[in-house]
Amino acid sequence: PNGNVANTMSGSQFLETLGKLPLHYQPGTMWDYSFGLDVTGLAVEAVSKQRLGDFLQARLFAPLGMVDTAFVVPSSKAARIARPLPLDPETRMPPSFREPVKAWQFDCGGGCASGTAMDYTRFALMLLNKGTLEGTRILSRKTVEYMTADHLGADVNVERLHNFPVEHIAGFGFGLGVAVRRQAGVAGVPGTPGEFLWSGAQGTMFWVDPKEELTVVYLANTPGPIRRHYRETIKTLVLQAIVD
């Protein structure tokens, strides 16, 4: 997991280690889960000459009013951290959980930030509104449209995406950081073509449904296999409540 890497090595060590590994597939042939967003975050650092957390605070968190989102939770807010159960209800083993109260060796773009449901809802609403919220523009309309489009063409093998073990994304494509629904069926849960989503390592999930003008943020600390069950349950509960 991304956080384990950021907890044990610096950004330069991570890039050096990753750069020595062979490719699993020829580029553009297979979708697979990766450290791509972590590399992207370090690329932002190289260009901006700032730590990723400082860059995002200036460019995203502060402008959007995301007052409780950061890569490190200050001691004054530590009591608000949601913690997992002592034992995973399926495996009966203690879940792996690093409390985000001390700095990472580098701010990993793939999963090291923490925040609240309200903060993430503001971020999701910005995407729903094509890059703007309450008069503050973060991204251009065309950038959001491009991000949330399906970028997997007919020549890309999507087997590993459709069989992702903790997500209900069979039949989905993928954009720039989000899974994108291609059709109403196949996934095993209801939804709308064009909706986009992704999830967090500890069991969280968000999605945006532009057609229904809907955003949902679901936060839970259920890091084991059971997280898929809860993600599917919240998706079904929300959408079956639409009765027009």
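Listing for the model above:
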{"quantity": "Relative contact order for the chain, counting Cα pairs under 8 Å that sit 6 or more residues apart, in percent", "calculated": "18 percent"}
{"quantity": "Over 31 Å between alpha carbons, listed pairs 20/235; 20/77; 49/77", "calculated": "20/235; 20/77"}
{"quantity": "Between region 52-75 and region 82-153, the Cα center-to-center distance that results, in Å", "calculated": "12 Å"}
{"quantity": "Where the chain is the region considered: accessible area per residue in Å², 1.4 Å probe", "calculated": "55 Å²"}
{"quantity": "Lysines with Cα under 20 Å of residue 142, excluding same-chain neighbours fewer than 8 positions away", "calculated": "130, 211"}
{"quantity": "Ellipsoid equivalent to region 142-244 - semi-axes via the Cα gyration tensor, in Å", "calculated": "20, 17, 13"}
{"quantity": "Rel. contact order, % - alpha carbon contacts under 8 angstrom, at least six apart, region 168-244", "calculated": "21 percent"}
{"quantity": "Stokes-Einstein translational diffusion, region 1-90 - Kirkwood Rh over all Cα pairs, 0.890 mPa s, 25 °C, in µm²/s", "calculated": "151 µm²/s"}
{"quantity": "Cα gyration tensor shape for region 90-191, rounded if a/c is under 1.5, else prolate or oblate", "calculated": "oblate"}
{"quantity": "GluC sites (Glu not before Pro) within region 114-170: DSSP coil, no more than 13 neighbouring Cβ in 10 Å", "calculated": "134"}
{"quantity": "Value of Rg to Rh for the chain (Rh from inverse mean 1/r over Cα pairs, i.e. Kirkwood)", "calculated": "0.94"}
{"quantity": "DSSP loop chymotrypsin sites (Phe, Trp or Tyr not before Pro) with at most 12 other Cβ within 10 Å excluded, longest remaining stretch of the chain", "calculated": "34-244"}
{"quantity": "Cβ charges +1 (Lys, Arg) and -1 (Asp, Glu), total dipole of region 125-244, debye", "calculated": "200 debye"}
{"quantity": "Summed side-chain charge close to residue 121 - residues other than residue 121 whose Cβ falls under 13 Å, Lys, Arg +1, Asp, Glu -1", "calculated": "-2"}
{"quantity": "Formal net charge of residues neighbouring residue 30 (Cβ-Cβ distance under 9 Å; K, R +1; D, E -1)", "calculated": "-1"}
{"quantity": "By accessible area with a 1.4 Å probe, ligands and nucleic acids excluded, highest first: order of 75, 114", "calculated": "75, 114"}
{"quantity": "Lys, Arg +1 and Asp, Glu -1 on Cβ, resulting dipole of the chain about Cα centre, debye, nearest 20", "calculated": "400 debye"}
{"quantity": "Cα-centred dipole magnitude for region 1-143, charges only on beta-carbon of K, R (+1) and D, E (-1), debye, nearest 20", "calculated": "380 debye"}
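The values are calculated or read from the model by the stated rules, or taken from the named source; none is laboratory data. Quick caveat: nothing in here was measured; it's all calculated off a predicted structure. Positions of Cβ are backbone-derived with ideal geometry, glycine not excepted, and every protein chain shown enters the neighbour counts. The area values use the complete protein model at the heavy-atom level, side chains included, leaving out ligands, DNA and RNA. Shrake-Rupley method; radii C 1.70, N 1.55, O 1.52, S 1.80 Å.
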